[in-house]
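*Asks:* Structure in structure tokens, see below.
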Amino acid sequence: MIVFSDRFPQPHHQQQQDPGQDGSSQPDPPAASGLEPTPLHLRLAAARDFGGLRADPPPATVALPSTASDVTRAIRAALSHQTLTLSARGCGHSVHGQANAPHGIVLDMSSMRGSMAVIPRVANTDPEQAGSTGSSYFCVDVKGGEVWEDVLRFCLQFGMAPRSWTDFLSLSVGGTLSNGGVSGQSFRYGPQVVNVEEMEVVTGSGEVVRCSERENGELFFGVLGGLGQFGIITRARILLQKAPDMVRWIRVVYADFDDFSRDQELLVTRASSESFDYIEGFVFTNSDHPVNGCHSVPLLPHQTFDLNLIPANAGPVLYCLEIALHFANRDDAKTIEKRVSQMLEPLKFRRGLKFSCDLTYYDFLQRVKSNEEAAKANGTWDAPHPWLNLFISSKNIQEFDSKVFNKILKNGIGGSILVYPLIKSKWDPRMSVVVPDNEIFYLVALLRFNKPYPEGPSLQSLLAQNQEIIDCCTSNNFDFKVYIPHCNSQDQWKAHFGNQWSRFVERKAAFDPMAVLAPGQRIFPRVQSSQ
């Protein structure tokens, strides 16, 4: 076990100087905090994230907690000084420096992994009557720094799996639960934040709290989607379901957005027995471009996309509906094919442009892993990633298609443009995540993997394009929210949270009154201690 006392010894008074990330000289942590400086290369690594968009000064120190008590000790060390802040860093996959803590403390949560356990549970048929029992179910207990792909591997040993996922599984449990966690299963089970039964959280006051819907509920709902503002998730209990053996993965192509969105909404509102188990979609250019065009659609190397099947009057972009059906090894192949055909029959995709394959459930959930490996091989993984994720109300999605997909993004983005519907009633309004007002809204995700300038577009031009899209949504009065938000002022944060802002502020005052947590979100300034 890594002990914090190795990193937080008794206060010392020697002040050395280390050059900061910006080239300036930054002092060691103040002696009053009792912090030992961390080697510069570790501090610089902790100041970088997947986005690569910010050049924040590095933290004063990086610590590796192994228990909730270690996290408490780190928070109290930060509280012992007037200006120190603290941030939890999972896999460093944030885009705008959200996990940074300039001149503060970064907790590298990768040290809080292992010791998973599947736990049987019994549902109360009547929550008001203690002792009444109903159906049984299972959860998995995991630490906050655990990575979802390891959770998957562990649970599959028991023939089980979490119900809701993200598309990319090399993310930490605490990280996605602090934001939302969405993927093609969210239309049915809701985002990952509504599939949590219980958590252990260390608040900004350094208190270790077990919380759930019925116990310390205000903290529980605040932390879920709370951007790390109210506490650090050190343990979570995640709902499980029986895992399927296999997946039929299917892609079908549309030339008309109205047909595409209408079919997506039809599928996500059908009864579970009459629909697919996973529903997503993406936009691609009406071209044979190797990254942005039709070559991104086929699932297997021998499958080909015939552009001659696209009508001559089609626009600059086309649409792919991506769906999947779970099945067991014992299921009859003809029965699976019949069910798929029946569900596809009423859809208005371009016949002849259907691609499918069967693969294991594990391989399906890890389908993005090959993209990660390719990006690391060609150098785009370490390039800046000006990603943009939006929630757009269904009442505005056709106009968004016209103004954004077919104009601003008509030439593609050098990566995936995801677009698929979610159901608002599957989200819990008590949580901190904010979504559009409409019952059906769409995730639009611009996942850029551009070559660095001068081989690819400049970072400034990509950021400008993102802002142009946001400005388009604002000027046209779209009902929208930025998912995994970043704002430059508290007024912008107020606008983001809307009528939920006052609740967010109240929770901050209750659980992190000194505003020591998650400074990289740039929501609340640190409250200076009177010590």
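The values are calculated or read from the model by the stated rules, or taken from the named source; none is laboratory data. From a predicted model like this one, the values you see are computed outputs, not experimental measurements. All Cβ positions, even for glycine, are placed from backbone atoms using ideal geometry, and neighbour counts span all protein chains on display. Keep in mind that these areas ignore ligands, DNA and RNA; they rest on the heavy atoms of the full protein, side chains included. Shrake-Rupley method; radii C 1.70, N 1.55, O 1.52, S 1.80 Å.
*Asks:* Is it true that residue 430 is open to solvent by 60 Å² or more (accessible area, probe 1.4 Å) and closer than 27 Å to residue 522 by Cβ?
*Replies:* Criteria met by residue 430.
*Asks:* Name the pairs whose Cβ atoms lie under 8 Å apart, with the first residue in region 447-474 and over 21 Å from residue 397 (Cβ atoms) and free of Cβ contacts under 8 Å to residues at least 60 places away in the same chain, the second of a type in the set (A, V, I, L, M) and assigned to a helix (DSSP H, G or I), and 6 or more positions between them or separate chains?
*Replies:* 453/459
*Asks:* Right, something else. I'd like the residue in region 179-215 that is part of a loop (DSSP other than H, G, I, E, B) and either in contact with a strand residue (DSSP E or B) (Cβ under 7 Å, 6 or more places away or on another chain) or at pLDDT below 95 (or both) and, out of all such residues, is nearest to residue 85 (Cα to Cα).
*Replies:* Within region 179-215, the match that is nearest to residue 85 (Cα to Cα) is 204.
*Asks:* Exactly one condition in (1) open to solvent by 20 Å² or more (accessible area, probe 1.4 Å); (2) at pLDDT 95 or above; (3) at negative phi is false for residue 355; which is it?
*Replies:* So residue 355 meets the others, but not (1).
*Asks:* Take the residues of region 276-298 that are in contact with a Lys or Arg (Cβ under 8 Å, 6 or more places away or on another chain) and farther than 15 Å from residue 349 by Cβ: which is surrounded by the most Cβ atoms within 10 Å (Cβ to Cβ)?
*Replies:* Filtering region 276-298 down to residues in contact with a Lys or Arg (Cβ under 8 Å, 6 or more places away or on another chain) leaves 277, 285, 297-298.
Within this subset, residues satisfying the condition of being farther than 15 Å from residue 349 by Cβ are 277, 285.
On the way: 277: 19, 285: 21.
Once the filter is applied, the top-ranked residue is 285.
*Asks:* Does region 115-126 contain any residue that is open to solvent by 20 Å² or more (accessible area, probe 1.4 Å), at pLDDT 95 or above and hydroxyl-bearing (Ser, Thr, Tyr)?
*Replies:* Within region 115-126 (the criterion being open to solvent by 20 Å² or more (accessible area, probe 1.4 Å), at pLDDT 95 or above and hydroxyl-bearing (Ser, Thr, Tyr)), the answer is no, since none of the residues qualifies.
*Asks:* A follow-up question, please. In region 409-504, which strands (runs of 3 or more DSSP E) lie fully inside it and hold 3 or more residues that are within 20 Å of residue 50 (Cα to Cα)?
*Replies:* 415-423, 440-448
Listed here are the residues, each with its yes/no results for (1) over 15 Å from residue 284 (Cα atoms); (2) open to solvent by 10 Å² or more (accessible area, probe 1.4 Å); (3) touching a Cys at 6+ places or on another chain (Cβ under 6 Å).
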residue: 391; (1), (2), (3): yes, no, no
residue: 394; (1), (2), (3): yes, yes, no
residue: 403; (1), (2), (3): yes, yes, yes
residue: 408; (1), (2), (3): no, yes, no
residue: 412; (1), (2), (3): no, yes, no
residue: 436; (1), (2), (3): yes, no, no
residue: 442; (1), (2), (3): yes, no, no
residue: 447; (1), (2), (3): no, yes, no
residue: 453; (1), (2), (3): yes, yes, no
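*Asks:* Scan region 133-147 and give yes if some residue there is of a type in the set (A, V, I, L, M, F, W, C), modelled with pLDDT of 95 or more, open to solvent by less than 20 Å² (accessible area, probe 1.4 Å) and within 19 Å of residue 244 (Cα to Cα), otherwise no.
*Replies:* yes
*Asks:* Six or more apart or on different chains, Cβ atoms under 8 Å: show the pairs whose first residue is in region 153-178 and over 19 Å from residue 90 (Cβ atoms) and whose second is among the aromatic types (Phe, Trp, Tyr) and open to solvent by 30 Å² or more (accessible area, probe 1.4 Å).
*Replies:* 156/362; 158/138; 160/138; 163/189
*Asks:* Looking at region 67-91, which of the residues that are surrounded by fewer than 20 Cβ atoms within 10 Å (Cβ to Cβ) and modelled with pLDDT under 95 is nearest to the chain's Cα centre (by Cα)?
*Replies:* 83
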